[in-house]
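Everything on this sheet refers to the single structure shown next.
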Amino acid sequence: MPSLLIVGGLTVDAFAGGARAPGGSVLHAGRAAAAEGASITLLTVAGDEPEARAGLAQLAALGDVLCHPASATTTYRHREVDGLRVLSLESAGEPIDPALLAGRGPFDVVVLAPIADELPAGTVAVLRAVARPACTIFLIQGWLRHTSLGDTVRARALDDVPAVLWETFGTADAVVVSTEDLSADPGDPFTQAAAVRERLGPGPILVLTLGTEGYLLDDPGADRVVASVPHHVVEGVPAVGAGDTFGAALAIHLARGDDPATAAAAATDRVISVLETRRD
């Protein structure tokens, strides 16, 4: 049973019709990790809204929770435009304090998965120094967003991501990103993957997820980029958190010693299993 640290903010997700619920990478990834049988520590940031309290209670059922108290929880309003999910930022949280990890670790694997601005590059370096992970996975979605209170969330062009972040990502064991996250750099997925690889350097495994079309796996230890298309596709259900689910499962299987192709296939199976539970 690998020891896993997941770091990322909770969210309050506001939906059409007035429904509000807890969300965020740490929650989706935590659920996946629990299903995979990991020993989990969750480091997050949240305010005191009812939905945030509910989210923290859900995290506590998954593992050991360390929460940086904030004046507000990052809140995203969700809507659908032409079949695509569109987010707008209603309130913002705060950066996570790595001092909360004092006395913890080392961990077998750390998953870093911000949802807004809670993990600056400097914080990442301190977290890794304290956590002392054998394996580090970056889910870089949160770093690829332009967020401004009251405005629609927009994808950040790769050239607009600070060089210090690319240097940080390049030290990871694996990086997971989706084509949706790269919408500011249009092109076919192979072109997008090549653009990310150019900035990462030769080190990390890179997985570019393609929604229901599968993923591209760029393993530096292999001689080619591999495209994987699932035989079984779950359609007609919300895909919120699918990338976080994939990333957590990938991290656990890599920590167990699976090769990248086996780990990515297992992560896909975990996503399919989660989506199946959302059928009416």
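Out of (1) closer than 24 Å to residue 270 by Cα; (2) out of contact with any helix residue (DSSP H, G or I) (no Cβ under 8 Å at 6 or more places or on another chain), the odd one out for residue 59 is which?
Status for residue 59: all satisfied but (2).
Being over 16 Å from residue 196 (Cβ atoms) and without any contact (Cβ under 8 Å) to a residue 60 or more places away in the chain, is that true of even one residue in segment 150-164?
There is at least one residue in segment 150-164 that is over 16 Å from residue 196 (Cβ atoms) and without any contact (Cβ under 8 Å) to a residue 60 or more places away in the chain.
Is it the case, given these coordinates, that residue 184 is more than 16 Å from the chain's Cα centre (by Cα), in a helix (DSSP H, G or I), of a type outside the set (Lys, Arg) and modelled with pLDDT of 90 or more?
No: the conditions fail for residue 184.
Report the residue count in segment 77-99 for those that are of a type outside the set (Asp, Glu) and out of contact with any helix residue (DSSP H, G or I) (no Cβ under 9 Å at 6 or more places or on another chain).
Number of matching residues: 12.
Out of the residues in segment 9-32 that are on the phi < 0 side of the Ramachandran plot, of a type in the set (Gly, Ala, Ser) and in a loop (DSSP other than H, G, I, E, B), which is surrounded by the most Cβ atoms within 10 Å (Cβ to Cβ)?
Only one residue tops the list, namely 9.
What do you reckon, is residue 91 surrounded by fewer than 17 Cβ atoms within 10 Å (Cβ to Cβ) and farther than 17 Å from residue 155 by Cα?
no
Can you tell me which residues in segment 231-280 are at pLDDT 90 or above, over 26 Å from residue 114 (Cβ atoms) and of a type in the set (Gly, Ala, Ser)?
Hits for segment 231-280 are 257, 261, 265.
Checking the conditions here, which among 144, 119, 139 is closer than 24 Å to residue 246 by Cβ, crowded, with 16+ Cβ neighbours inside 10 Å, under 17 Å from the mean Cα position of the chain (by Cα) and at pLDDT 95 or above?
Exactly one of 144, 119, 139 is closer than 24 Å to residue 246 by Cβ, crowded, with 16+ Cβ neighbours inside 10 Å, under 17 Å from the mean Cα position of the chain (by Cα) and at pLDDT 95 or above, namely 139.
Going by what's in this entry, would residue 53 be described as over 22 Å from residue 175 (Cβ atoms) and either in contact (Cβ under 8 Å) with a residue 60 or more places away in the chain or buried (at least 20 other Cβ atoms within 10 Å of the Cβ) (or both)?
no
Kindly indicate which of 38, 32, 21 is in contact with an Asp or Glu (Cβ under 6 Å, 6 or more places away or on another chain), small (Gly, Ala, Ser) and more than 20 Å from residue 149 (Cβ to Cβ).
From the options 38, 32, 21, the qualifying one is 21.
Looking only at segment 195-225, count every residue that is surrounded by fewer than 21 Cβ atoms within 10 Å (Cβ to Cβ) and in contact with a Ser or Thr (Cβ under 6 Å, 6 or more places away or on another chain) and tell me the total.
2
The values are calculated or read from the model by the stated rules, or taken from the named source; none is laboratory data. All values derive from a computational prediction rather than experimental measurement. Note: ideal-geometry Cβ built from the backbone for every residue, glycine included; neighbour counts use all protein chains shown.
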